[in-house]
């Protein structure tokens, strides 16, 4: 049932057939035919961003908050190179994105033509897969294949580079079929023998911990439900990476808080002292493990991951289970129930008693103030005033991001969009716009820093144009806070280039973009100001002036182990904590 | 500061063995543009070694090429290389031939030697012992063609060096499993 159409029409038809509702992009010479094809239809809404990096992050926000593939359309040359940061971000965090790039006509490829770049060469390292379409006959297959590859297995970004002559050429188009891919068949169902082994290890454990990650979120909402069921049946303590927040509710009784460099004392100590670690859809990233040769020395480790290359990459495990977290969790829960497994209740009781002692240190605590807004306090109030709504949080990168992860409690998966692996400042605003367009009735807040927000501030225009009522909540401490904190830790408090000089007046800036600006510097007025932001029907830029010198604690200093954290009540000079070896790390 | 202290604790070899092994990987790929760049880029991007690499189409109708990579590292690193290669979409199969060691490997080399008089006779005598063929000759030079395991070629080249070795061109290793089964 094929129909003759042009390459440009095929692109738009394939987007429709793949269920794309929003396409984030920016026009240019090499994609004009596709923009013309978009002009003739209204099923796919094109969202005009102000910079191609914004398009990629907006698609990530859309994808992360819906579980669907995000779609991007940019032109050749600078359009493609500007999108690269977003593509790399999506690769690091396993976010499904299809990015269509225009290319100079095939006969000009390699001639250094105007706005030509080697897009497939440049994006080979920052995509899961990429294509240069040389013949119109290949285009329909490649379009559908790209969506399949982006969303299957461990998701990721896929680039389709389409020369302009291929966009004008005509050929037969066929809708997507569920045909098997020639080479790419990710394994979703795991070996049941290994699952049995895992269940037996869990039943015997005396000091277990579940360490979950973004893989659970990527496996869909059913995986989070199964995870909650597993926690309920086993009464195991659970912690998660930054990317996995929300899979288990932040208010749940077994929740230890996030782990890692700025994770909770109880989560990190439990990781260090456990006798069984069950890693579900996480990858033993260096923010998580800290010093590798002192990482959880006494534990047996089970690693569940859809990507075999994540297993034994940095930490050697005792049992590797390759499969989709959802399928594996389903099998584990079913077996646990069917075989009526019991945990060692006495041992588990003692383990929880130990965990409660760590919890009593209140590692996310901070010194309250009546006169200045503490950034942690601002997040706490933001949480209290938004928790009963359908709220989605995005962030930029830095201290505010860690404070958001520590103090905002996520109850559901897909509600938390942040740049984890790549750590991209400028991610949060475009991601919030993508999220908001996917969920028009929800409250979407970008928790930002005053430095990060300026990296993609131009996207305020996009929010204005597409009536996305995003709230940008800036924790303004006039510093690149995390850089300043590391300079205090490592470089004797010499704050080289980390002070945000010549900041704009954010309230006036908001007004210049045709949106609302709110400023607050007094903790007594904070609740009312946040409420005003929530109640305002359009986009808001909230300039929250916070304590300038606050450090983000607790912290595992670089080069140290999980049980070697700096806690908030640490009174000594933090500039003396890290040794020379640690100073070399990031 | 010694080299050890310069290592990052994040990349410490905790739980890893110190052994350094050389392995031969056979990689079956779709013969499409860019596939070799994907493989080579993976090795350079992640800091893996390539000791030799050969690639050629092996099944025209199915459009398959076979890449043979000789690499070295700790056994865990080599396992990681295999898994990373498997992530590349147009790769059909990755087999570490060295795992059960039941494979044969061959390399072809062309070795140019210059010399007169006694050196010439000596070169020919040694070539005969190694079963190297003369594929070009002038009054003052030979080109030998030699096929064998890499070690045999290394040995021959070393013998030619004092006689008058000019240059060497080698294909890199091609390898295949023993017995009736495919990789």
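See the values below:
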item: Criterion (touching a strand residue (DSSP E or B) at 6+ places or on another chain (Cβ under 6 Å), outside the structural domain of residue A:53 (by TED's automatic domain parsing) and surrounded by fewer than 23 Cβ atoms within 10 Å (Cβ to Cβ)) met by exactly one of A:183, A:106; result: A:183
item: Every residue from region A:300-317 that is touching a residue at least 60 places away in the same chain (Cβ under 8 Å) and more than 9 Å from chain B (Cβ to nearest Cβ); result: A:300, A:302, A:304, A:305, A:306
item: Residue under evaluation residue A:97, criteria (1) surrounded by 21 or more Cβ atoms within 10 Å (Cβ to Cβ); (2) farther than 24 Å from residue A:125 by Cβ; (3) touching a residue at least 60 places away in the same chain (Cβ under 8 Å), criterion not met; result: (2)
item: Residues of region A:464-522 satisfying the condition of being more than 30 Å from residue A:390 (Cβ to Cβ) and part of a strand (DSSP E or B); result: A:479, A:499
item: Selection count where residues are in contact (Cβ under 8 Å) with a residue 24 or more places away in the chain and assigned to a strand (DSSP E or B), scope region B:108-133; result: 7
item: Residue in region B:123-141 that is at pLDDT below 95 and on the phi > 0 side of the Ramachandran plot present; result: no
item: Where residue A:334 falls short, out of the listed (1) within 27 Å of the chain's Cα centre (by Cα); (2) without any contact (Cβ under 8 Å) to a residue 60 or more places away in the chain; result: (1)
item: Output for region B:134-152, where each listed residue is exposed (fewer than 13 other Cβ atoms within 10 Å of the Cβ) and assigned to a helix (DSSP H, G or I); result: B:151
item: Selection count, region A:127-159, where residues are part of a strand (DSSP E or B) and within 11 Å of chain B (Cβ to nearest Cβ); result: 5
item: Residue satisfying all of: in region A:26-37; in contact with a helix residue (DSSP H, G or I) (Cβ under 6 Å, 6 or more places away or on another chain) and in a helix (DSSP H, G or I); nearest to residue A:78 (Cα to Cα) among these; result: A:30
item: Filter result (assigned to a loop (DSSP other than H, G, I, E, B) and either within 13 Å of residue A:300 (Cα to Cα) or assigned by TED's automatic domain parsing to the domain that holds residue A:151 (or both)) within region A:192-224; result: A:205, A:206, A:207
item: Residue within region A:411-424 that is surrounded by fewer than 24 Cβ atoms within 10 Å (Cβ to Cβ) and over 13 Å from the mean Cα position of the chain (by Cα) present; result: yes
item: Options B:40, B:58: the member that is modelled with pLDDT of 95 or more, within 23 Å of residue B:21 (Cβ to Cβ) and not assigned by TED's automatic domain parsing to the domain that holds residue B:167; result: B:40
item: Subset of region A:1-25 that is under 29 Å from the mean Cα position of the chain (by Cα) and in a strand (DSSP E or B) - its residue that is surrounded by the most Cβ atoms within 10 Å (Cβ to Cβ); result: A:24
item: Filtered residue count, region A:367-389, keeping only those that are in a helix (DSSP H, G or I) and buried (at least 16 other Cβ atoms within 10 Å of the Cβ); result: 11
item: Members of region A:265-294 that are within 14 Å of another protein chain (Cβ to nearest Cβ) and either surrounded by fewer than 23 Cβ atoms within 10 Å (Cβ to Cβ) or closer than 20 Å to residue A:198 by Cβ (or both); result: A:272, A:277, A:283, A:284, A:285, A:286, A:287, A:292, A:293, A:294
item: Some residue of region A:563-574 being over 30 Å from residue A:50 (Cα atoms) and within 14 Å of chain B (Cβ to nearest Cβ); result: yes
item: The one condition in (1) touching a residue at least 40 places away in the same chain (Cβ under 8 Å); (2) assigned to a helix (DSSP H, G or I) that residue B:176 fails to fulfil; result: (2)
item: So residue A:555, is it out of contact with any helix residue (DSSP H, G or I) (no Cβ under 6 Å at 6 or more places or on another chain), within 30 Å of residue A:440 (Cβ to Cβ), surrounded by 16 or more Cβ atoms within 10 Å (Cβ to Cβ) and modelled with pLDDT of 90 or more; result: no
item: Tally of residues being in contact with a helix residue (DSSP H, G or I) (Cβ under 6 Å, 6 or more places away or on another chain) and within 14 Å of residue A:57 (Cα to Cα) across region A:433-460; result: 7
item: When residues of region B:29-41 are limited to those that are outside any helix (DSSP H, G or I) and more than 9 Å from every other protein chain (Cβ to nearest Cβ), the one nearest to residue A:123 (Cα to Cα); result: B:32
item: Residues of region A:49-82 that turn out to be surrounded by 24 or more Cβ atoms within 10 Å (Cβ to Cβ) and not in a loop (DSSP other than H, G, I, E, B), as a count; result: 21
item: Looking only at region B:66-76, and only at residues there that are outside any helix (DSSP H, G or I) and surrounded by fewer than 20 Cβ atoms within 10 Å (Cβ to Cβ), the one that is farthest from the other protein chains (Cβ to nearest Cβ); result: B:72
item: Some residue of region A:161-178 being within 28 Å of the chain's Cα centre (by Cα) and closer than 26 Å to residue A:214 by Cα; result: no
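Rundown of residues vs (1) in contact with a helix residue (DSSP H, G or I) (Cβ under 8 Å, 6 or more places away or on another chain); (2) crowded, with 16+ Cβ neighbours inside 10 Å; (3) within 14 Å of chain A (Cβ to nearest Cβ), yes/no style:
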| position | (1), (2), (3) |
| --- | --- |
| B:27 | yes, yes, yes |
| B:46 | yes, no, yes |
| B:49 | yes, no, no |
| B:53 | yes, yes, no |
| B:78 | no, yes, yes |
| B:89 | yes, yes, yes |
| B:103 | no, yes, no |
| B:115 | yes, yes, no |
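The values are calculated or read from the model by the stated rules, or taken from the named source; none is laboratory data. As the structure is a prediction and not an experimental result, all values here were calculated from the model. Cβ: placed from backbone, ideal geometry, glycine included. Neighbour counts: every protein chain shown.
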